[in-house]
1. Could you tell me whether any residue of the stretch 36-59 is out of contact with any Ser or Thr (no Cβ under 7 Å at 6 or more places or on another chain), under 21 Å from LYS144 (Cβ atoms), surrounded by fewer than 16 Cβ atoms within 10 Å (Cβ to Cβ) and touching a residue at least 24 places away in the same chain (Cβ under 8 Å)?
2. Give the residue that is nearest to ligand 1 (Cβ to nearest atom), with candidates limited to residues of the stretch 167-182 that are farther than 16 Å from LEU274 by Cβ and of a type in the set (A, V, I, L, M).
3. Could you grab the pairs with beta carbons closer than 7 Å, sequence gap of 6+ or different chains, first residue in the stretch 192-209 and touching a residue at least 24 places away in the same chain (Cβ under 8 Å) and farther than 20 Å from ASN257 by Cα, second one among the basic types (Lys, Arg) and within 14 Å of ligand 1 (Cβ to nearest atom)?
4. Please indicate, with yes or no, whether at least one residue in the stretch 18-27 is buried (at least 20 other Cβ atoms within 10 Å of the Cβ) and either assigned to a strand (DSSP E or B) or at pLDDT below 95 (or both).
5. GLU207 fails exactly one of the following numbered conditions: (1) within 16 Å of ligand 2 (Cβ to nearest atom); (2) at pLDDT 95 or above; (3) more than 19 Å from the chain's Cα centre (by Cα). What is the number of that condition?
6. Can you list residue pairs whose Cβ atoms sit under 8 Å apart, with the first residue in the stretch 136-148 being over 15 Å from PRO67 (Cβ atoms) and the second being within 9 Å of ligand 2 (Cβ to nearest atom) and small (Gly, Ala, Ser)? Count only pairs 6 or more apart in sequence or on different chains.
7. Of all the strands (runs of 3 or more DSSP E) wholly in the stretch 78-168, which have at least 1 residues that are of a type in the set (Phe, Trp, Tyr) and surrounded by 20 or more Cβ atoms within 10 Å (Cβ to Cβ)?
8. Of all the residues that make up the stretch 139-158, how many are within 10 Å of ligand 2 (Cβ to nearest atom) and among the aliphatic types (A, V, I, L, M)?
Amino acid sequence: MTEKVYVIHENEEWTVHLFRRLEELGVPYEDWFTDAGSVDLTNEPPQGVFYNRMSASSHTRGHRFAPEMAEAKIAWLERHNRRVVNGSRALRLEVSKVNQYMALDAAGIRTPKTVAVSGKEQLLAAASAFEGESFITKHNRAGKGLGVRLFHSLEALEEYVGGGEFDESVDGITLLQQYIQAPEPFITRCEFVGGKFLYAVQVDTSEGFELCPADACRLEDISCPADGASETRPKFQIIEGFDDPIIAKYERFLEENGIEVAGIEFIQNADGELFTYDVNTNTNYNADAEAESGTYGMLELAKYLENQRQNLATFAK
Ligand SMILES: Nc1ncnc2c1ncn2[C@@H]1O[C@H](COP(=O)(O)OP(=O)(O)O)[C@@H](O)[C@H]1O
Ligand SMILES: [Mg+2]
């Protein structure tokens with residue numbers, strides 16, 4: 001069969017791992033690096049499986065309009081009923097935490113109390129909703145912990161917003177959010193491929209908020225002056241036999257939103273209450289953690305994409 005797997009993305013550091021797995025399995029694929037470029041809407045797309053792996057943090061790699069261009073390509077593909085893995089709905093959620101939280105809420109999944117704000121003055125006014133509580137700021141379109149800061153008072157926020165360090169979200173929307181204090185400094189990220197739970201990874205947060213459970217980010221950490229104590233304990237650890245009722249809820253949420261590949265993050269407070277705060281429409285590739293447990297997200301993804309490609313052929317007959 002001549003149909004290929006097409007990968008829409010803007011991050012070569014990530015796709016290199018997927019391409020290696022696709023090559024291992026002998027899957028024909030094409031790299032659809034998406035940033036500046038064009039799509040002729042009067043043409044027909046090729047036959048194949050299209051995997052959208054666009055990232056909310058693309059602007060941090062100099063690809064400011066990559067998500068917009070990906071949306072254009074996906075609109076064109078969907079118009080022609082092509083098989084898109086993580087299609088337009090997944091992309092809408094990827095680039096907006098507000099969309100994520102509303103969809104999670106609709107699926108009966110608890111999220112932290114959040115106020116979405118555009119405008120500096122409005123930010124200060126809206127923060128009164130958190131009077132007497134600790135809260136954080138974060139970008140609506142983020143990834144990599146962009147704009148995540150912890151505040152214990154409205155005055156501290158005022159100082160930050162008025163000072164030179166204030167870092168606005170690329171879409172202009174800052175989120176004010178209830179700070180969930182975890183008794184132990186870690187969060188949990190659940191990985192899904194084909195809409196099914198694959199594994200959960202525990203991520204050590206004792207060094208701060210910029211958390212991406214990927215090797216690329218681990219490299220950045222190495223140059224971080226705060227680093228040092230972490231060498232004895234790995235930052236990312238796959239939790240063997242993770243089994244929690246939240247998994248079934250996440251799987252239903254993913255199905256309702258047409259998301260097939262995802263990493264969903266939650267944090268638990270001292271009472272054991274679970275708050276879901278981030279949906280990433282991609283999967284993990286932390287080599288050390290995966291080697292330790294013998295589970296490989298990228299391999300599972302490559303197999304899944306190949307499976308979808310084989311299904312195309314059956315469908316076409
Ligand atoms: N409400 C919260 N309470 C406590 N910590 C949080 C909260 N939201 C985010 N964090 C911390 O900040 C990190 C980054 O936030 P997240 O929402 O995942 O943004 P991003 O999309 O940039 O990854 C999280 O992994 C977690 O450690
Ligand atoms: Mg996150």
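1. no
2. Among those that are farther than 16 Å from LEU274 by Cβ and of a type in the set (A, V, I, L, M), it is LEU175.
3. ALA200/ARG189; VAL201/ARG189; VAL203/ARG189; VAL203/LYS235; ASP204/LYS235
4. no
5. (2)
6. Going by the 8 Å Cβ cut-off, the qualifying pairs are LYS138/GLY145; VAL148/ALA142.
7. Correct list: 135-139, 149-151.
8. Taking the stretch 139-158 as the starting set, the residues that turn out to be within 10 Å of ligand 2 (Cβ to nearest atom) are 142-146, 148.
Next cut, among the aliphatic types (A, V, I, L, M) only: 142, 146, 148.
Count: 3.
The values are calculated or read from the model by the stated rules, or taken from the named source; none is laboratory data. From a predicted model like this one, the values you see are computed outputs, not experimental measurements. Note that each Cβ is placed from the backbone with ideal geometry, even for glycine, and that neighbours are counted across all protein chains shown.
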